[in-house]
Amino acid sequence: AKRIFDIFASILLIIILSPVFLLISLLQLIFNPGPLLFKHERLTKYSKPFTIYKFRSMIWKYCGQDAETIFKEMNRDDLVREYRRDFKVLHDPRITRFGKFLRNTSLDELPQLFNVLKGDLSLVGPRPIPASELDAKFTKSSGALLLSVKSGVTGLWQVSGRNDLSTEQRVQLELYYVQNWSFWLDIKILFKTVLVVIKRTGVR
């Protein structure tokens, strides 16, 4: 039932949002020259690697490069420390102005609907995690539990505070979802996602 819902919902959303896809693509060419999409390897159910799609928000030359290395080259030891602690930085110099808009409005996530259609992701599930973060944030048992279900475009973490939460709080929410999944929980999270995006809750 979850997979059938994902297929029909993703097709419907892609059709409805096709003008938005086109507009973002045109604006990307103007304000953020370079490849349209950012592609990165993440893990989903049973630790299966897949390529996630997002609208690119970074300056092209930084895409695919190690963040710590880039920050060191910028002589930004403060960003290196922040990245080691949170796996992201609050004011990332790699992000373009248009990219910042895409991230703040969550529009950069829209291409993941094609990941859902392909079967890489579900609409709702734990955040797809890079292999490099798995060992750093999860124990062996909790990591296995996390990857016992398909990762999602949105999830309990995203509608419960997003970037306002600590890494530990996020981990607990991800594991709670896996252990307490139900179809109605998914529906509830989807409705909350719309409200969170509109209110821009937890956006940084």
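Remarks
- Among 67-75, 157-165, sorting by the average number of other beta carbon atoms lying within 10 angstrom of each residue, highest first, gives 157-165, 67-75.
- Accessible carbon and sulfur surface of the chain relative to its total accessible area, %, 1.4 Å: 62 percent
- 5 angstrom amide H check on HIS40, placed H, neighbours 5+ away: ILE52
- The Cα center of segment 145-178 and the Cα center of segment 30-44 differ in position by 23 Å.
- Expressed as a fraction of 2.2 N^0.38 Å, the value expected for a compact globular protein of N residues, the C-alpha radius of gyration of segment 60-166 is 1.18.
- Options (1) 49, 46, 33; (2) 66, 34, 31; (3) 49, 42, 31 - which one matches Cα extents along the principal axes in Å as calculated here: (3)
- Only beta bridges with both residues in the chain are counted; by DSSP, about 85 percent of them are antiparallel.
- Listed residues VAL153, VAL116, VAL194, most fluctuating in the chain (Gaussian network, C-alpha, under 10 Å): VAL194
- Dipole magnitude of segment 115-204 about its Cα centre (Cβ charges: Lys, Arg +1; Asp, Glu -1), debye to nearest 20: 280 debye
- Each stretch of four or more DSSP H residues adds -39500 (n - 2.57); spread over every residue of the chain, this sum gives -15500 deg cm²/dmol at 222 nm.
- Relative to its residue count, segment 1-118 spans a Cα convex hull of 121 Å³ per residue.
- Evaluated at q = 0.15, 0.29 Å⁻¹, the base-10 log of the normalised Debye intensity for segment 147-204, with identical point scatterers placed on the Cα atoms, takes the values -0.41, -1.30.
- Comparing PHE191, PHE55, PHE38 in a Gaussian network model of the chain where C-alpha atoms under 10 Å apart are linked, the largest mean-square fluctuation is found at PHE191.
- Per residue, the chain exposes an accessible area of 56 Å² to a 1.4 Å probe, with every protein chain left in place.
- In segment 59-171, Cα pairs under 8 Å separated by at least six residues give a relative contact order of 21 percent.
- Rg to Rh quotient for segment 112-163, alpha carbon positions, Kirkwood Rh: 0.98
The values are calculated or read from the model by the stated rules, or taken from the named source; none is laboratory data. Keep in mind that what you see is a predicted model, and the values were worked out from it rather than measured. A quick note on method: Cβ atoms are made from the backbone with ideal geometry, for glycine too, and the neighbour counts reach across all protein chains shown. What goes into the accessible areas is simple: the full protein's heavy atoms, side chains included, and nothing from ligands, DNA or RNA. Shrake-Rupley method; radii C 1.70, N 1.55, O 1.52, S 1.80 Å.
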